[in-house]
Every structure is written in structure tokens, then in C-alpha cells.
Amino acid sequence: MYAAKELPQLKTFRILDCISLGEVLNAFVEHRNQNLHIYNLKKINNTQNLIGFKPSNEEKLKISNLNRKILFESLKSNEIDYSAFIYYNQLKNKINLSQEQVLELYNSELKKHERELQQEAFKNPLKKIDLQSFQTELKSKKWNPIIIQKSQSVAVCNYLKKFKNFDEFLNEFED
């Protein structure tokens, strides 16, 4: 805008600038989505949720192997992959956790989640509402589904961390 007033001999295109900015932002979003695991899983899930999506057995196997490879890579870097809960029902019989271990795992994830909410509330005052609703939910003594999924993910990750070879890792999913 300033350049258009001060230098009338130069042509400025405001719309072109907006388009260029949009292209840069779209390129950033695409780069981020390609590199972040959770966005890849959401992209796969959105594809699967389309009305006309009916994958063949070969496509299902390919998607499943891709997800397992991503999980294996995240476990190699000693990180907890919170999307691992999708394999909990499949591996539940192999994990073998006692009732005390389940409660301990749930309570530790509950404390972690509450600390995360407190940190978010400290950074952003609008997030205090989330923290307050979470704390009232805790008082009701009901099991939080988010914490259950996180606990299941931790249990699956702890079980699968012992497999250092990808073939052994894949064999664990075979029934």
C-alpha cells in the first residue's frame, strides 16, 4: 500500500500478494502434515471415513503396516506414541497387567494430564475452564476416557519397546 502511493510508476498487486501468502501458508501446512505422525494418522482416518472408501485387503494390509512402522520408529526414539491405544485390544492378552498395575498406570497418566492442563492454563487464561471442568470430573470419581486411552497407549508402548527388530515387532501382531 505504501509502495503504491510513493512509487506510482511501479505496479503493485495486492491480490497477488494475498495469493502468494496463501501459497506459502499452504506449503507450510502440507510440510507440517507430512512430517507429523498424528496428522498422517488423521489423514488416513479421514480417507477411510469417506463414504466411497472400500479398501481391498491389500490396501488394508499396506495401511496397517504403515501405521505399525510409524509406531516402531517412534518406539525406537524412546517416545510414547499416544496413538498406540488402537492396538490395545489386539495385544491385551499378551500385555498381562495386574489390577494394581492398571490403577498405577491410570493414576500416573491422570497426574500427567492434569499437569499439562495446568501448564496450558498458566500460559493461556482461557484454558482455566478446561482445567476446572477436568477437576470437577475428577471429583465425580468417573474414569476419564482420554486418560484410559493414554494409559492403554503407554501399556502397549511399554510392551512393544522390548522388540528391537522390526520383524519380531510385526510378529507380535500376528494371532
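Derivation of every value follows stated rules applied to the coordinates shown; laboratory data play no part. Small disclaimer: the values here were computed from a predicted structure and weren't measured. Positions of Cβ are backbone-derived with ideal geometry, glycine not excepted, and every protein chain shown enters the neighbour counts.
On a 27 Å Cα-Cα criterion, which of the cross-link pairs LYS62/LYS111; LYS142/LYS162; LYS69/LYS92; LYS112/LYS142; LYS43/LYS162; LYS92/LYS142 come out too long? Don't skip to the answer; put the middle values down first.
Values: LYS62/LYS111 37 Å; LYS142/LYS162 33 Å; LYS69/LYS92 20 Å; LYS112/LYS142 17 Å; LYS43/LYS162 29 Å; LYS92/LYS142 22 Å.
Those over the limit are LYS62/LYS111; LYS142/LYS162; LYS43/LYS162.
Starting with the fewest neighbours, write out GLU59, GLU109 ranked by other beta-carbon atoms found within 10 Å of each beta-carbon. All intermediate terms of the calculation are to be shown ahead of the outcome.
Numbers: GLU59 12, GLU109 23.
In increasing order of surrounding Cβ atoms, one gets GLU59, GLU109.
Note down the nm distance, to one decimal, between modelled labels 7 Å out along Cα→Cβ at ALA27 and at GLU58.
That separation, rounded to one decimal, is 3.6 nm.
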